[in-house]
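A short worksheet on the structure shown next.
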Amino acid sequence: MLQDIFITGLVNGGVYALLATGFSLIFGVARIVNVAHSAFYMLAAYCLYTLLTYTGMGMGFAALASVAAVTALSLACYRLFIEPVRQHESAVLIATIALGLIFQELMLRTFGGHYLGIPNALEGVVTFLGVSIPYQRLLILVIAGASLATVWFVLHRTRLGLAIRATANDLEVANLMGMNVHRVAMATVAISVALAAIAGVSVAPVFVVDPFMWLAPLVTVLSIVVLGGLGSIQGSVIGALVIGYVEAITVFALPQGAFLKGAVALSIMVIVLLVRPEGLFGVAFEEER
Amino acid sequence: MLVLPSRTLAAAWVASVVLLPLVLPDPYVLRVAAMTCIFAAFAASWDLLAGYAGQVNFGQALFFGAGAYSSALLSLRLGISSWIAVCIGALIATATGLCVGYLCLRLRGSYLSLATLAFPLILIGALFAFPDFSGGELGVTGLQPLATSRIGNYYIAAAAMLALVFGLWAFADSRFGLILHAIRDDELAARASGIDTTRYKLAVFGISAAAAGIAGALYAHFMRGAGPSTLETALSFQVVIWGVFGGLATIYGPVTAVFVLYPLTEWLGSFSAFGELRLLIFAIVVLLVLLFMPRGLTPWVRDRIETRCPRCKQRNPAWHETCRVCGAPMHAKRAEPKPPLAAGARHSPR
């Protein structure tokens, strides 16, 4: 059971890290609480399903196409619906909620509410420490690790990354220093949604695909970013692993744990907020006045 | 009294709420209207907390559900009479509000929104963990309604809604509301001016939760039961959408939004072709309205039918040539210069 907990926690933690990092990034740079973030994860899974079922593309190519399509869609949504109301914080919030609901309903109308399955990209299992791990789960772990490493590289070793970090730190000063904060925000949206889409296509074969699959990760991601500290990438990754393990322990060790895993994650969030409201690695944002 | 078009609209609205059962005693219309009233009171309670005090609560359904479940369980398990159960339900919701307010005292902005989102989900988890007591996923049913006739039930919902909405409105217009504005705009400055912000924030959580709890308890008795849907994230989001769609920090805005959106979605749902698309249409309408009226529906309409006198700042009907209070010509305001740095424009990309 210990090995089960170890592997499940690691894989789920990796997926959560992909989602939470993007969520955190977009909040840090554009101050957008993107409720539709995990809806893009759901869309990517549906896109992969459609491409595999109706066009007969190969798995790898279909996955790449899904990520690209969802990222393009997110940029269009950002330009059309979020950008015009950026000055009104509450309007942005509602717009993202409305977008999430629209995607959910569109998928519900197009594909129906039943569960859809996607075949594994890699079949077979590897036995490690006496527990058998399907290759697909290892693949998720590898993809998550590679994506996070890429994001780290982009953020810390490129000019774009420097601009993103500067904008997150102080939007006005970054603007005054000649950075095109508008374009930086667009790039951040693209990176953030691409991460969510990568998470979506990589978990689609393991989990089932249905129009409501975005709600559960949304709540988990919220507790992760609060635990790690809103806007902190490092905090999001560590928070994701912590929550991934806590959920795995709840599911394997407690009777009826599957029902309680959400409540446990949320309780951790409440405790963190009480003890250390800025989270583990929170950048205590200067009070915006 | 009726010199301003907005006041005429408000009076016409009250009259139509009161006269509706006499004009249209159709059971379906009355049912939708009663639900609209209950949700209007609920939306107004959220606006006091989020719009005035700036505590953007993403879990307002917690107070609604606490009121609904506690009054339903008290009536069913302990056999307490409905009216007393509604009152106790409101008290329990108030206590819940104070607890949440206390837990969230140190949080602000997005952190507060995210934290409050969690509380109703934790309560749902707790209710599901004791299905024998709470009814589990099906909820509890079999409550006695407050009145025996349909019209009686409607009037109870309408009277409670009018009392709550006008109560909250008067409250938000008082000195207390002014202090809430101050806390929202700059908590530090408010504290520096000698306002005990902690006490005020706790109080506004309590009051808002009490109003939401009354709405929830009425809902439970109207629906003759309470289920997990009263605590769902969807309901919390719904009230946020109503609030922002109608216009924040107005009280009448969210009420207007409910009276526009709730019957509209119900009516669309009655067509079989649209029934399944109801939520989709709802979301698209909200998105489009926000694009054209980002401050919400009622401020936009109010700006169209009323203008502010450039000299004495009193509101006038838009068609007046001179101010009704000080006699200054109204159209000089066209030359009014825009402030170079409008509030909220600070963080916009240029």
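Evaluating residue A:30 against the criteria (1) within 14 Å of another protein chain (Cβ to nearest Cβ); (2) under 22 Å from residue A:16 (Cβ atoms); (3) over 20 Å from the mean Cα position of the chain (by Cα) leaves one unmet condition, (3).
None of A:173, A:208 is modelled with pLDDT under 90, among the β-branched types (Val, Ile, Thr), more than 20 Å from residue A:97 (Cα to Cα) and surrounded by fewer than 21 Cβ atoms within 10 Å (Cβ to Cβ) except A:208. Is it the case that region B:82-95 has a residue that's outside any helix (DSSP H, G or I) and small (Gly, Ala, Ser)? No, there is no match, as no residue in region B:82-95 is outside any helix (DSSP H, G or I) and small (Gly, Ala, Ser).
Restricting A:110, A:71, A:150 to residues that are within 14 Å of chain B (Cβ to nearest Cβ), of a type in the set (Val, Ile, Thr) and over 18 Å from residue B:291 (Cβ atoms) narrows the list to A:110. Figure legend. Inter-residue proximity from region B:16-28: first residues more than 14 Å from residue B:149 (Cα to Cα), second residues not charged (D, E, K, R), beta-carbon distance below 6 Å, spacing 6+ or different chains. Indicated pairs: B:17/B:158; B:20/B:33. Of all residues in region A:165-184, those satisfying the criterion of being over 14 Å from residue A:231 (Cα atoms) and not acidic (Asp, Glu) are A:173, A:174, A:175, A:176, A:177, A:178, A:179, A:180, A:181, A:182, A:183, A:184. Against the test of being assigned to a helix (DSSP H, G or I), within 11 Å of chain B (Cβ to nearest Cβ) and surrounded by fewer than 17 Cβ atoms within 10 Å (Cβ to Cβ), the options A:101, A:80 yield a single qualifying residue, A:80. Within region B:311-321, can one find any residue that is away from every other protein chain (no Cβ under 14 Å), touching a Ser or Thr at 6+ places or on another chain (Cβ under 6 Å) and surrounded by fewer than 14 Cβ atoms within 10 Å (Cβ to Cβ)? Yes, that holds for at least one residue. So which residues in region B:117-169 are outside any helix (DSSP H, G or I) and under 26 Å from residue B:59 (Cα atoms)? B:130, B:135, B:139, B:140, B:141, B:143, listed by residue number. Scanning region B:120-140 for residues that are within 13 Å of chain A (Cβ to nearest Cβ) and over 26 Å from the mean Cα position of the chain (by Cα), we see that the one that is surrounded by the most Cβ atoms within 10 Å (Cβ to Cβ) is B:128.
If you go through region A:86-96 and pick out every residue that is at pLDDT 85 or above and within 8 Å of another protein chain (Cβ to nearest Cβ), you end up with 1.
Got at least one residue in region B:181-189 being surrounded by fewer than 20 Cβ atoms within 10 Å (Cβ to Cβ), over 19 Å from residue B:15 (Cα atoms) and small (Gly, Ala, Ser)? Looking for residues that are surrounded by fewer than 20 Cβ atoms within 10 Å (Cβ to Cβ), over 19 Å from residue B:15 (Cα atoms) and small (Gly, Ala, Ser), one finds at least one in region B:181-189, hence yes. Considering region B:203-231, and only residues there that are over 10 Å from residue B:60 (Cα atoms) and not in a helix (DSSP H, G or I), the residue that is farthest from the other protein chains (Cβ to nearest Cβ) turns out to be B:224. Taking region B:189-208 as the range and being farther than 10 Å from residue B:49 by Cβ, touching a Gly at 6+ places or on another chain (Cβ under 9 Å) and of a type in the set (Lys, Arg) as the test, no residue passes.
Can you name the residue in region A:126-144 that is over 18 Å from residue A:41 (Cβ atoms) and not aliphatic (A, V, I, L, M) and is also surrounded by the most Cβ atoms within 10 Å (Cβ to Cβ) among such residues? The qualifying residue surrounded by the most Cβ atoms within 10 Å (Cβ to Cβ) is A:134. Within region B:53-60, does at least one residue satisfy the condition of being in a loop (DSSP other than H, G, I, E, B), aliphatic (A, V, I, L, M), within 14 Å of the chain's Cα centre (by Cα) and crowded, with 24+ Cβ neighbours inside 10 Å? Within region B:53-60, one or more residues are in a loop (DSSP other than H, G, I, E, B), aliphatic (A, V, I, L, M), within 14 Å of the chain's Cα centre (by Cα) and crowded, with 24+ Cβ neighbours inside 10 Å. The set of residues from region A:21-36 being closer than 21 Å to residue A:180 by Cα and part of a helix (DSSP H, G or I) comprises A:22, A:24, A:25, A:26, A:27, A:28, A:29, A:30.
The condition (being among the hydrophobic types (A, V, I, L, M, F, W, C), within 10 Å of chain A (Cβ to nearest Cβ) and without any contact (Cβ under 8 Å) to a residue 24 or more places away in the chain) is satisfied by just one residue among B:264, B:287, B:248, B:268: B:287.
The values are calculated or read from the model by the stated rules, or taken from the named source; none is laboratory data. Computed from a prediction, not measured in an experiment: that's the story for all the values here. Every residue, glycine as well, gets a Cβ built from its backbone with ideal geometry; the counts of neighbours run over all protein chains shown.
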